[in-house]
Each structure stands twice: as structure tokens, then as C-alpha cells.
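Engineer: First the structure, which I've put down as C-alpha cells, then a few questions once you've had a look.
The values are calculated or read from the model by the stated rules, or taken from the named source; none is laboratory data. For clarity, every value in this text was computed on a predicted model and none was experimentally measured. Because the Cβ atoms are built from the backbone with ideal geometry, glycine has one as well, and the counts that use them run over all protein chains shown. To get the accessible areas, we keep the full protein, side chains included, count just its heavy atoms, and leave off ligands, DNA and RNA. Shrake-Rupley method; radii C 1.70, N 1.55, O 1.52, S 1.80 Å.
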Amino acid sequence: MKLATRTTRIVPSATLNISATAKSMVTQGVDVVDFSAGEPACDTPEVVKAAAKAAITDGFTKYTPASGIDELKEAIVEKFSRDQGIHYEKSQILVSCGAKHTLYNVAQALLNPGDEVIIPAPYWVSYPDIVRLADGQPVLLETKESHGYALDPKQLEASVTPRTRALILNSPCNPTGTLYTRETLEALADVAKRHGFLVISDDIYEQLVYGETPFLSIVSAVPEIADQTLVVNGVSKAFSMTGWRIGYAGGPKALIAAMAMIQSQSTSNPTSISQKASVAALREGTPFFKELLADLGPKRRLMIDTLNAIPGITCPTPAGAFYAFPNVSGVLGKRHANGTLTTSTDLATYLLHEAHIACVPGEPFGSPHHLRLTYTPTLDAIERGMQRFKKAIQSLA
């Protein structure tokens, strides 16, 4: 059977593949410490589960408008105003089946063949393939670890061409934890305004910020950029609702309408029950943020401190999200019983099969000298996994 050429432009999600392999090993009785999955370990808040149960009991189990129910759109409008000072109308809101679906929708609505989307590297693994699926061309800009992996506005300026349609900006960033400052956001917005391209602001880790520097969306920093910005968010990370599959976006009416039309011919509406649960999350679930951050804080310190104590490994402290992104350059080139660790993929494979630790290599994130580990498991699991990690590295020659 001859398949569409678009299927040859993309690869399966590396994070989902690693996570699936780890889960398969667990079912076979292997004690795997899984640092690969990007989801909180905390359970979904009770107020959210109660709203879902009520929706089922009340028979709210039928089709809804394809773009989402008004009640949820209103809660999202309230959330944007309350948390970020961004003011939208309901016609500027789209509810989708997860933030990834939102990003897919905007790529399909915005891009023509050959159009370019600028993506700072390291990047979330799905950004380039979402662009390629829309016949677009990802333009990958390498950021520097010494500059905190933040995109340099001068670098952005130099990369703009007549085909540039969008910039994807993820803060806090998966995988680096980078949190953009007001000064940098203002400079990036200036470039976008002068050249007229869309800013896709992926704010999915908005609530997962440590330390004194607050989260700031680019539209909050520069309100006049709102008419050329799509702000993407969702309930997955902030409310530990990864499986509920609700993402949302706020942006220009014409773009939102185009995205909604595409969604109406692909998935139709997001799950009715999940929409009702998300209303409860946005309106009543915010106390959960403190619980989540209190859970993640000690885990972050344990993992980062342990990684930095291992010879050959360096790991900056992430300002946000829940990932460690250690530089493993000092380990690559070393040997183990079955060969040489040439790439971070080799190292991740070695750690999985020899030390029973699941983590994601840096190559799919656009950074071949790194690994990504999530610090969402229990403290005991992190301590156990880090000891295995240390022992596995020390056994290399």
C-alpha cells in the first residue's frame, strides 16, 4: 500500500515510545524507575473528579459544540483575565483535545507549503513534526546553555525570512525549564511586530514555576502583541489531568474560527465530561497549585543535586516545569560491556536496559548532548533511580 508522503516526514513521539517501553518492562516484572513521562504524580483534584461524576449522573454525555461549551469558554476567559491580565471574548477561545491538538490545529489553519516556523532548540519533541504535517518548514534556532537556553532576539531577527509565519515560544520550557524574563519577551515581541509573524505562546507549564521570578506571558508583557499571538494552555499539567485531554487557546478571532472549523471536521468536540471537569478545575481547583509545587520542590532539589554530584554530568537548576535536562557530554565516548556510548540515545538505552531507568535522549529535543528526566515520581523512586544512575555512570570505562 502506498502511503501519503507526509507520513515519511515525521517520527513517533520519543517520550511516548520510551514511556511505553518502560511500562512494558514493568508488566514483565522488571523494576523500572520511569523518569520519561511528562505528567505529575499527584492525583487529579477531588473537586474535578466530583464535577466529572456529576456530569455523568446528569447525562451530560452527548455531543457539544465542536469548539467547546460556553461554560468552559467563560471559565477560560476568566482564567486569562485573572491570572495573566489578558482579556478575550468567547469568540476568541477554542477548546481542543489537549494542548497538542491545539498546536496541530493552528499549524493546519496557518501554514501553506514551505511556510516557516521558528522553533528555539531545545524544543518539545512534537513542535517540528506538527509543522511538517502542515507542509511547513521548521527553522530550528540553537540556544545557549550559558544564556539559560533563552532565545536571543538578535538571533531571531537574523532568522526571519519572507516565508516566516510564526515563532513558537514555550515558557517555562520543556525540556530546559527556561523561564523568559519581561525584558526578553519585550524584545522578542518587537521583532514579531516589525515583521508581522504570529507568536504561538505555549504556556502549558504556567503554574509550575519555582523561586521569586514570576511567570509572564508575552501578551501580559506586551499587550499590543495580542492581535498576532495565540496563547496555548490546558489543564493537563497544572491540575494533573493529562488523561482528560483538554487544551485551549485564546487569540485573534479569524484564526480561532479557522482552527475551530478544522477541529469540526477532524475530532468534533472535546469530551463532554472532561469539559465539565475542566470548568471545575479552572474555577475551583487553583488551591491545588500549592500542593503540586510543594510536592515537586523537594524532588527537584534531590534530582538536580544528585545529577550535579556525578562526574561528567552537569545540570542547571530549572526555573519551571518539572524536568531536569543534564548535559552528559562528559560521559559520551565512554565504554560499557556491550559497546561505546556515542550519543545520548546510546546512553538512554544503556540506562534503561542495564540500570532499569527510563529517561529520554536529547536528540528528539534538538540537543544531542543531553538527557531529559522528569522529577515527578515519588521521592523514594527518585532516590532509588538516581543511585542506579550514579552507579551505572561510575561503571563506565
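Engineer: Quick one: which residues, 5+ away or cross-chain, put their amide H under 5 Å from the amide H of Asn170? H built at 1.01 Å from N.
Structural biologist: Amide H neighbours of Asn170, under 5 Å, 5+ apart: Asp202.
Engineer: Between Thr8 and His336, what FRET efficiency comes out of the Förster formula 1/(1 + (r/R0)^6) with R0 = 35 Å and r the beta carbon distance, rounded to 0.05?
Structural biologist: Plugging the Cβ-Cβ distance into 1/(1 + (r/R0)^6) gives 0.55.
Engineer: Which three extents, in whole angstrom, do the alpha-carbon atoms of the range 239-392 cover along their principal axes, largest first?
Structural biologist: The Cα atoms of the range 239-392 stretch 55, 34, 26 Å along the principal axes, largest first.
Engineer: Would you pull out the residues with amide H under 5 Å of Val139's amide H, same chain only if 5 or more places away, H placed 1.01 Å from N?
Structural biologist: Close amide H contacts, sequence-distant or interchain: Val117, Ile118, Ile119.
Engineer: Extension gain Leu379-Lys154, at 0.36 nm per residue separation less the Cα-Cα distance, in nm?
Structural biologist: Numbers: separation 225, 0.36 × 225 = 81.00 nm, distance 4.13 nm.
Between Leu379 and Lys154, full extension yields an extra 76.9 nm.
Engineer: Can you run phi through the Karplus equation (6.51, -1.76, 1.60; θ = phi - 60°) for the range 224-240 and list ³J(HN,Hα) in whole Hz, with x for Gly and Pro?
Structural biologist: Residue by residue, the range 224-240 yields 6, 8, 4, 6, 9, 10, 10, 9, 10, 7, x, 9, 4, 7, 5, 10, 6 Hz.
Engineer: Considering the chain as a Gaussian network with a 10 Å cut-off on Cα pairs, which listed residue, Tyr123, Tyr63, Tyr180, attains the greatest mean-square fluctuation?
Structural biologist: Of Tyr123, Tyr63, Tyr180, the Gaussian network model singles out Tyr63 as fluctuating most.
Engineer: Something else now. For the chain, with every protein chain kept in place, what is the accessible area per residue (1.4 Å probe, Å²)?
Structural biologist: Roughly 42 Å² per residue, with all protein chains present.
Engineer: When the scattering of the range 1-154 is computed by the Debye formula from its Cα atoms alone, each counted once and equally, what is log10 I(q)/I(0) at q = 0.14, 0.17, 0.18 Å⁻¹?
Structural biologist: -1.16, -1.33, -1.33
Engineer: Below 8 Å, C-alpha to C-alpha, sequence gap of six or more: please give me the relative contact order for the range 233-337 in percent.
Structural biologist: Reported as a whole number, the value is 18 percent.
Engineer: Once neighbouring chains are kept in place and the probe is 1.4 Å, which whole percent of the accessible area of the range 303-397 is contributed by carbon and sulfur?
Structural biologist: So the carbon and sulfur contribution to the accessible surface is 52 percent.
Engineer: Related question: In nm, to one decimal, how far is the modelled label at Met261 from the one at Asn112, with both set 7 Å along Cα→Cβ?
Structural biologist: 1.5
Engineer: Of the candidates Ile273, Ile200, Ile357, which one comes out as most mobile in a Gaussian network treatment of the chain with C-alpha springs shorter than 10 Å?
Structural biologist: With Cα springs under 10 Å in the chain, the top fluctuation among Ile273, Ile200, Ile357 is at Ile273.
Engineer: Which lysines have a Cα lying under 27 Å from the Cα of Lys53, excluding residues fewer than 8 positions away in the same chain?
Structural biologist: Within the straight-line cut-off, Lys53 pairs with Lys62, Lys73, Lys79, Lys90, Lys100, Lys237, Lys276, Lys290.
Engineer: Could you give the distance between the Cα centres of the range 267-300 and the range 165-240, to the whole Å?
Structural biologist: 20
Engineer: Nearest 10 degrees, 0 to 90: what angle lies between the long axis of helix 253-264 and the longest principal axis of the chain (Cα atoms)?
Structural biologist: 70
Engineer: Quick one, what does Rg over Rh come out to for the range 322-397 if you take C-alpha atoms and the Kirkwood Rh?
Structural biologist: Ratio value, two decimals: 0.94.
Engineer: Using helices alone, what [θ] at 222 nm do you get for the chain, with -39,500 (n - 2.57) per DSSP H run of 4 or more residues, divided over all residues and rounded to the nearest 500? The partial results should precede the final answer.
Structural biologist: Working: 13 runs with 154 residues, N = 397.
Rounded to the nearest 500, the figure is -12000 deg cm²/dmol.
Engineer: Looking only at trypsin sites (Lys or Arg not before Pro) in DSSP loops with at most 13 other Cβ atoms within 10 Å, what is the longest site-free stretch of the chain?
Structural biologist: 145-397
Engineer: What residue among Leu302, Leu111, Leu255 has the largest mean-square fluctuation in a Gaussian network model of the chain, using Cα springs under 10 Å?
Structural biologist: Leu302
Engineer: On the full set of protein chains, 1.4 Å probe, figure out the accessible area of Leu198 and give it in Å² to the nearest 10.
Structural biologist: So the heavy atoms of Leu198 present about 20 Å² to solvent.
Engineer: Tell me the carbon and sulfur percent of the accessible area for the range 142-211, rounded to whole percent, probe radius 1.4 Å.
Structural biologist: C and S atoms contribute 47 percent here.
Engineer: To continue, here is another question. Between 0 and 90 degrees, rounded to the nearest ten: what's the tilt of helix 99-110 against the longest Cα principal axis of the chain?
Structural biologist: The answer is roughly 60 degrees.
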